[in-house]
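> One structure, as structure tokens, below. Some questions next.
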Amino acid sequence: MRVVDRLLINFQSQFGNNKSTFYFKAPGRVNLIGEHTDYNDGFVLPFGINRHIHFLVRKREDRICRICSLNFNELREFKIDDISEKKKEGGWSDYIKGVVGEFEKKGLKIAGFEGIIYGDIPTGAGLASSAALEMAVACGLARINNLEIPEIELIRLCQRAENEFVGANCGIMDQYVCFYAKKGKALFLDTRTLSHQFISLPFKEIGVLVIDTKVKHLLASSEYNKRRKECEESVKLLKGYIHNLSSLRDLTIKLFRKYEKFLPQLLRKRVRHVLEENARVEEMVEALKRKDVKKIGELLFSSHYSLKDLYEVTSPETDFLVEIAKREGIIGARMTGGGFGGATIHLLFKEDMPYYRKVVKKEFSGKFGKAPGIFEVRTSQGARNQRGSILS
């Protein structure tokens, strides 16, 4: 059964009929390289994946919102006029409340709605399930209320929903790629200028495996926000010696080496990762253009070891998976997403996938007592290309 048909059936069951409904979806993402750089005005290189959040929605004539999650088998209801940080419920509906609240803050008065949500993006795996949810809902609400919102404003609105309502101090990468992603392409994004270019992925014979450790990372209550504060503190300390320094993006390797002595050892490690990771993103873009498979793999491994040793956001599970990748001689692997659990990405030749899956499943299960989630991902279109069809 198609996902949209499942949504229609459940919408009718939940809300009486499914007339005048609109369908939207937004993809999850894998960040090929460029981790913990987006909130430092740096470079990132993500791509949309063929796992999505699906949203079927219909406008109401009042200001009541009723949303059912098929994944959690829950119905949540709230009044738009009652939204406040004090009325957070925890879990999936807070992301929707955050988006609704941001529409209101911008003076974009919206009507209530009925909606069904379903997703096949693993939650807590660092694959941007929250950003995909925000984006699918935002696109749906804009459509049913006939609102013309500039694309970048819609993206920022979703980011603010996560920052200010949910409390996760994420950068803009996830929402941006969930909106703009293109099939067959990675999105090379400069998070300072918010300009991007699409880079072709030479993956005809190469597959991308995502391996979910099933260790959940809770950004709002984890050390993710702490890492961002450490970067901000580094900028504050270095401002006394380097004029016009507004973010780590302004810092070159040469300047860092000159002034790193003024930073505590911990902050030196954090800054070094960000600077070197930015350089790796640019190197990866060139390697992809040259189809230099060896260099692509080296950069992936290098990124992971930096996240492990300098930024300290990996976990025993992700480290173990990357060591298997290194030992088995696949192209490359690293953790992806915010860290503290989550998932790893593995690039390997497609012909090697069946054997590699067996090795990973056996060794991971033997060490940690549970099987990891292993699935191949392909590139996908972003929400920008899902205009939202009316279903009668």
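> Working only within the range 138-170, note down all residues that are in contact with a strand residue (DSSP E or B) (Cβ under 6 Å, 6 or more places away or on another chain) and buried (at least 20 other Cβ atoms within 10 Å of the Cβ). It would help to see each step written out before you state the result.
Step one: of the range 138-170, the residues in contact with a strand residue (DSSP E or B) (Cβ under 6 Å, 6 or more places away or on another chain) are 139-140, 143-144.
Selection gives CYS139, GLY140, ILE144.
> Right, THR344: of a type in the set (Ser, Thr, Tyr), at pLDDT 95 or above and part of a strand (DSSP E or B) or not?
In short, yes.
> Sticking with this one: What pairs can you find where one residue is in the range 163-192 and over 17 Å from VAL30 (Cα atoms), the other is in a loop (DSSP other than H, G, I, E, B), and their Cβ atoms are less than 7 Å apart, with a gap of 6+ or different chains?
ASN163/ASN169; ASN163/CYS170; ARG192/ASP41
> Let me ask something additional. Taking the range 121-141 only, how many residues are touching a Lys or Arg at 6+ places or on another chain (Cβ under 8 Å), closer than 15 Å to TYR176 by Cβ and hydroxyl-bearing (Ser, Thr, Tyr)?
Of the residues in the range 121-141, 0 are touching a Lys or Arg at 6+ places or on another chain (Cβ under 8 Å), closer than 15 Å to TYR176 by Cβ and hydroxyl-bearing (Ser, Thr, Tyr).
> What tally of residues in the range 174-200 results from selecting those that are among the polar types (S, T, N, Q) and in contact with a Ser or Thr (Cβ under 8 Å, 6 or more places away or on another chain)?
1
> Quick check on my filter: what residues within the range 193-202 are outside any strand (DSSP E or B) and either in contact (Cβ under 8 Å) with a residue 60 or more places away in the chain or basic (Lys, Arg) (or both)?
Hits for the range 193-202 are LEU201, PRO202.
> If only one of ARG29, ARG58, ARG66 is surrounded by 18 or more Cβ atoms within 10 Å (Cβ to Cβ), farther than 17 Å from ALA383 by Cβ and not polar (S, T, N, Q), which one is it?
ARG58
> Could you tell me whether the range 95-109 includes any residue that is surrounded by fewer than 24 Cβ atoms within 10 Å (Cβ to Cβ), small (Gly, Ala, Ser) and either touching an Asp or Glu at 6+ places or on another chain (Cβ under 7 Å) or farther than 15 Å from VAL166 by Cα (or both)?
yes
Every residue, every condition in (1) under 24 Å from PHE43 (Cβ atoms); (2) assigned to a loop (DSSP other than H, G, I, E, B); (3) in the same structural domain as LEU209 (by TED's automatic domain parsing); (4) aliphatic (A, V, I, L, M), yes or no:
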residue: ARG270; (1), (2), (3), (4): yes, no, yes, no
residue: ASN278; (1), (2), (3), (4): yes, no, yes, no
residue: VAL285; (1), (2), (3), (4): yes, no, yes, yes
residue: SER302; (1), (2), (3), (4): yes, no, yes, no
residue: GLU317; (1), (2), (3), (4): no, no, yes, no
residue: ILE330; (1), (2), (3), (4): no, yes, yes, yes
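> Can you tell me which residues in the range 143-180 are of a type in the set (A, V, I, L, M), touching an Asp or Glu at 6+ places or on another chain (Cβ under 8 Å) and more than 24 Å from ARG58 (Cα to Cα)?
Within the range 143-180, VAL166, ALA168, ILE172, MET173 qualify.
The values are calculated or read from the model by the stated rules, or taken from the named source; none is laboratory data. On a predicted model such as this, the values are computed, not experimentally measured, just so you know. Note: ideal-geometry Cβ built from the backbone for every residue, glycine included; neighbour counts use all protein chains shown.
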